[in-house]
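Structure record follows, encoded as structure tokens.
The values are calculated or read from the model by the stated rules, or taken from the named source; none is laboratory data. Please read these numbers as outputs of a predicted model, since none were measured by experiment. We place every Cβ from the backbone using ideal geometry, glycine too, and count neighbours over all the protein chains shown. For accessibility, only protein heavy atoms count, side chains too; no ligands or nucleic acids. Shrake-Rupley method; radii C 1.70, N 1.55, O 1.52, S 1.80 Å.
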Amino acid sequence: MSPRSASVNEELRRRSRERLLEATVELVSERGFEATTLGDIADRAGAARGLVSYYFPGKRQLLQSAVHRLMHLTLEAALEREPRSADGRERLARAIDAVLGLARDRPRLMRTHMAGILANEGFIQCPEQQRLAELLRDTVAGYGSADVDTDYPLLRALLMGAVVAVLLPGAPMPGSRLRAELFQRYGLDWELGVPPDGGPPGGTFG
């Protein structure tokens, strides 16, 4: 039996890594961060436990990569869904709605993710974070930014702030209000993206 080629080995490693990331999202969503062990993640992924340490230095780093992968896949799906649009304002609206939607649909996961970023490592420069950054930078450029290097970090900070506000224990802000504030800041019509039911908060939006 001939040995596997380098390209086959690389593909197997990529798949193993992705299974670990998917298992992390599933388990932390179900059980929370503290109740999820690296062994649990390896078992859910059907991987040898040593692979977790091979790919990731620790559980926090694994979680951050896993959530960034979920975010870039969610954002990519939102930007490319039918009917596809090349309009920069529509694409920015879709990006905002995709990120706010994750805070709404995955509160435990996103709260844990944000807590880790704020309290521990900051952004880990993993491939998943880099892919998310590329998508957001492209979205800012398509919107018409004349200074992407300034406007991309600002958008990222505003989205992070909105996610924290949605998830703030004991005093969460309504997602529709945060959406309205972001849309108004960027001059986006309420009907762009995926507007929530009931129209803009406070009546006419403009």
Would you please list the contacts, defined by Cβ atoms under 6 Å and residues six or more apart or on different chains, that run from a residue in the range 15-41 that is among the acidic types (Asp, Glu) to a residue that is at pLDDT 95 or above? 40/27
Looking at the range 124-154, which of its residues are free of Cβ contacts under 8 Å to residues at least 40 places away in the same chain, in a loop (DSSP other than H, G, I, E, B) and within 20 Å of residue 92 (Cα to Cα)? 145, 146, 147
Which members of the range 24-82 meet the condition of being within 25 Å of residue 135 (Cβ to Cβ), surrounded by fewer than 22 Cβ atoms within 10 Å (Cβ to Cβ) and among the charged types (D, E, K, R)? 26, 60, 76, 80, 81, 82
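Within the group 128, 181, 82, which residue is of a type in the set (Asp, Glu) and under 26 Å from residue 33 (Cβ atoms)? If you could, list the steps in order and put the result at the bottom.
Working: 181 fails: under 26 Å from residue 33 (Cβ atoms); 82 fails: under 26 Å from residue 33 (Cβ atoms).
That would be 128, the only listed residue that is of a type in the set (Asp, Glu) and under 26 Å from residue 33 (Cβ atoms).
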Exactly one of 70, 100 is of a type outside the set (Gly, Ala, Ser), more than 20 Å from residue 180 (Cα to Cα) and at pLDDT 95 or above, and that residue is 70
Which pairs turn up if I take residues in the range 170-183 that are assigned to a helix (DSSP H, G or I) and look for partners that are open to solvent by less than 80 Å² (accessible area, probe 1.4 Å) and β-branched (Val, Ile, Thr) with beta carbon separation below 8 Å, at least 6 apart in sequence or on another chain? 175/166; 178/166; 179/96; 182/96; 183/96
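Per-residue answers, yes or no, for (1) within 24 Å of residue 88 (Cα to Cα); (2) surrounded by fewer than 17 Cβ atoms within 10 Å (Cβ to Cβ):
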residue	(1), (2)
156	yes, no
160	yes, yes
165	no, no
175	yes, no
183	yes, no
189	yes, yes
193	yes, no
197	yes, yes
Among the aliphatic types (A, V, I, L, M), modelled with pLDDT of 95 or more and in contact with a Lys or Arg (Cβ under 8 Å, 6 or more places away or on another chain), is that true of residue 148? yes
